[in-house]
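The structure appears below as structure tokens.
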Amino acid sequence: MVKKDLTKIVLIDDHKLFREGVKRILEFESSFEIIAEGDDGNVAAQLVAKHKPDVVLMDINMPDMNGVQATANLIRHHPDTSVIILSIHDDESYVTHALKTGAQGYLLKEMDSDSLIEAIKVVSDGGSYLHPRVTHNLVQEFRRLAKESTSNRSEIGADYRKPLHLLTRRECEVLQLLAEGKSNRGVADSLYISEKTVKNHVSNILQKMNVNDRTQAVVSAIRKGWVEIL
């Protein structure tokens, strides 16, 4: 009966030492189970077909078939399986390509254990998750491109104002910190509150803004001028 509640994970990375480190982190989370592991995209396809995991943690740089190609293949044949890309690249071109392919998460390999666990939980629940620095870089690039067009200037937050008509003051503070690339732990440390409280605030923000995940919330807030990007 407990098994039904487990999030089944397949780990794909061509560096065995990195895989061992990730496995040790996830073993401390009782709701996770790594059911298989492999070292390239071709193996990933075989393992997913055999084990039907909930989430695949996929390295982006691998021999034979890279992570982006493997993700496209998996999403096409196994749409119920979610993929989180693991990468050393924070450039928005890598991120955008991975997300267009169908990945629901993008994490940098320098991530802390809390971010990894949080990402798996969010993605397994149907949401999407980007490493905080990746989110910040995408937001900055979005603003840069938007500012190049004077016709869009009114849409990119030229007049910064907190959305107090929709969110509480505390929720506005949380939204601002999300836009600055803070993780739940980072928000908690900045506001001197617990991570559980942060999660509750984030949930409320998503519901009130009618978006599915924090990335959508940040992009929407940027468009409407609800957060200040320093």
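The values are calculated or read from the model by the stated rules, or taken from the named source; none is laboratory data. Fair warning: this is a prediction, and the values are worked out from it, not measured in the lab. FYI the Cβ positions are ideal-geometry reconstructions off the backbone, even for glycines, and counts take in every protein chain you see. Ligands, DNA and RNA are stripped out before the accessible areas are found, and what is left, the full protein with its side chains, is counted by its heavy atoms. Shrake-Rupley method; radii C 1.70, N 1.55, O 1.52, S 1.80 Å.
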Which listed pairs, of 100/199; 23/52; 16/52; 121/208; 182/208, have C-alpha distances above 24 Å, in listed order: 100/199
Tally up the carbon and sulfur contribution to the accessible surface of the range 7-141 as a whole percent, 1.4 Å probe, everything protein left in place. 49
For the chain the mean separation of alpha carbon contacts under 8 Å (6+ apart) over residue count, i.e. relative contact order in percent, is 14
So how strong a dipole does the chain carry about its Cα centre when Lys and Arg Cβ are +1 and Asp and Glu Cβ are -1, to the nearest 20 debye? 860
Need the C-alpha centroid separation for the range 175-191 versus the range 1-70, integer Å. 28
Options 107, 137, 203, ranked by Cα towards positive dipole end of the chain, top entry (Cβ charges): 203
Residue-normalised accessible area of the range 1-147, expressed per residue, 1.4 Å probe, Å²: 48
Checking the cross-link filter: which aspartates and glutamates have an alpha carbon closer than 13 Å to that of residue 224, excluding same-chain neighbours under 8 positions apart? 155, 159
Please identify which residues in the range 94-109 have an amide N closer than 19 Å to a label point set 7 Å out from the Cα of residue 219, following the Cα→Cβ vector. 94-108
Gain in length, residue 228 to residue 194, computed as 0.36 nm per residue apart minus the alpha-carbon separation, to one decimal in nm? 9.9 nm
Residue-averaged 222 nm ellipticity for the chain, from DSSP H runs of 4+ at -39500 (n - 2.57), nearest 500: -15500 deg cm²/dmol
Mind grabbing the accessible area of residue 90 for me, 1.4 Å probe, Å², rounded to tens? 50
For the range 32-37, Karplus couplings with θ = phi - 60° (6.51, -1.76, 1.60), whole Hz, Gly/Pro x: 10, 9, 7, 9, 6, 8
List every residue whose amide H lies under 5 Å from the amide H of residue 82, counting only residues 5 or more places away in sequence or on a different chain, with H placed 1.01 Å from N in the peptide plane. 55, 56
In nm, the gap between the two label points placed 7 Å beyond Cα toward Cβ at residue 92 and residue 212 is 2.1
Put a dot 7 Å past each Cα toward the Cβ at residue 185 and residue 49; how far apart are the dots in nm? 3.9
Using the crude model of +1 on Lys and Arg Cβ and -1 on Asp and Glu Cβ, and no other charge, please compute the dipole size for the range 7-141 relative to its Cα centre, in debye to 20. 380
Given R₀ = 22 Å, FRET efficiency for residue 113-residue 16 by Cβ-Cβ distance, to 0.05? 0.70
